[in-house]
Amino acid sequence: MIRRPPRSTPLYSSAASDVYKRQVNNMEIVQGITQACKKLNSPVILQASAGARKYAQGVYLVKLVEAASSLTEVPMALHLDHGPDFETCKDCVDSGFTSVMIDGSSLPFEENIEQTKKVVDYAHKYNVTVEAELGRLAGVEDDVDVSAEDAFYTDPAEAEEFVKKTGIDSLAIAIGTSHGAYKFKPGQKPQLRFDILEEISKRLPGFPIVLHGASSVIPEYVEIVNNFGGNLPNAIGIPEDMLRKAAGMAVCKINIDSDLRLGLTAMVRKFLAENPSNFDPRGYLGAGREALEDVVDHKIKKVLGCENKA
């Protein structure tokens, strides 16, 4: 079983601050994240995208997270990211996920409400929490691909109505973050719409708000990737001081994926370049796992504030 609080006290609320959310695809990623969370006594949401479910199959992910939960004993959730429809969310609920996201942000407002309410009604019968989204983030993440022209900010009035009509447990909003490693152009000043976040928090006091696309795209790992054969020019992320500010407001769950991928990939590339005769996967994957754990350690301590909140 995956250790978690009951749905009436969702994981992000039990932390009394932000919960670290990371995308998981394989054993090393699960281990790196959960080892850091155990060391720092931090709750965690392990998240599977549509791409992760295709790559690893849902049952493998469930069993990996169950194993991690039994070894770490910190509050933990396995969460579906950007579920495209009711059927996908239902399948995850039925297969052991403890949280799902239904993403109807591309739909007209009333259709988004209708679809989301259907997922909520089903998931809550099985003590599974539900996240939804209003507004659209630009960028690419697995099957989610939104152009800058199609992105738009969340409307606070719609957010209030949406939460009240759907009964969701958390709401992902769009205030200027974006998916992927290219969130801003060189010379562009990063900006988040904290005024929108503040207005939503006034309309929905105490309600858990979620930020997607919140990686900082850590420069040292971008440099390592590029130095060892990679090609990530002008990769720019969200400044960590902005994430800390959001964490001090209504945001209770921050989604970070690209930083994990960068840390893992950087050390795999470096290990293989420096050890050309080594073909043992435990060597390069172990190096990647160690870097990933360091990234999680840093985020928990310096950005999210969820150390000793388990």
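The values are calculated or read from the model by the stated rules, or taken from the named source; none is laboratory data. None of these values were measured; they are calculated from a predicted model. So basically every Cβ, Gly included, is an ideal-geometry build from the backbone, and we count neighbours across all protein chains shown. In case anyone asks, the SASA skips ligands and DNA or RNA and just uses the protein heavy atoms, side chains included. Shrake-Rupley method; radii C 1.70, N 1.55, O 1.52, S 1.80 Å.
Structure above, values below:
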| item | result |
| --- | --- |
| Residue with peak Gaussian network fluctuation, the chain [Cα springs, cutoff 10 Å], from Ile113, Ile45, Ile173 | Ile113 |
| Sequence-distant aspartates and glutamates (8 or more away, or on other chains) whose Cα lies within less than 19 Å of Lys63 | Glu28, Glu73, Asp81, Asp91, Asp94 |
| Residue-level accessible surface for Ser216, protein heavy atoms, 1.4 Å, Å² | 20 Å² |
| R0 of 22 Å, Cβ-Cβ distance Asn41-Lys302: FRET efficiency to nearest 0.05 | 0.85 |
| Spacing of the two label points (7 Å from each Cα toward its C-beta) at Lys185 and His124, in nm | 4.5 nm |
| By average C-beta atoms within 10 angstrom, highest first, the peptides 159-165, 274-280 | 159-165, 274-280 |
| Relative contact order for region 173-257, counting Cα pairs under 8 Å that sit 6 or more residues apart, in percent | 43 percent |
| Options (1) 29, 23, 18; (2) 53, 23, 21; (3) 33, 25, 19 - which one matches semi-axes √(5λ) of the Cα gyration tensor in Å as calculated here | (1) |
| Proximal lysines relative to Lys185, as straight alpha-carbon distance under 29 Å, when same-chain residues fewer than 8 apart are discounted | Lys21, Lys245, Lys253, Lys270, Lys299, Lys301, Lys302 |
| Exposure of Glu293 as accessible area (Å², to 10), given a probe of 1.4 Å and all protein chains | 40 Å² |
| Tilt relative to the chain, helix 58-72 - C-alpha long axis, 0 to 90 degrees, to 10 | 80 degrees |
| Between region 190-258 and region 46-106, the alpha-carbon center distance in angstrom | 22 Å |
| Efficiency of FRET between Phe86 and Asn234 - r from beta-carbon atoms, R0 35 angstrom, step 0.05 | 0.35 |
| Candidates Ser95, Ser49, Ser106: whichever shows maximal mean-square fluctuation once the chain is modelled as a Gaussian network with Cα springs under 10 Å | Ser95 |
| Protein accessible area in the chain, 1.4 Å probe - carbon and sulfur % | 51 percent |
| GNM top mover of Glu240, Glu290, Glu114 - the chain, alpha-carbon springs below 10 Å | Glu114 |
| Mean Cα-pair separation over length for the chain, i.e. relative contact order, pairs under 8 Å, 6 or more apart, % | 21 percent |
| Charged-residue dipole, Cβ positions (Lys, Arg, Asp, Glu), the chain about Cα centre, Debye nearest 20 | 860 debye |
| Estimated inter-spin distance, Phe109 and Asn226, nm [label 7 Å along Cα→Cβ] | 4.3 nm |
| The chain: angle of helix 27-40 to the longest principal axis, Cα-based, in degrees nearest 10 | 80 degrees |
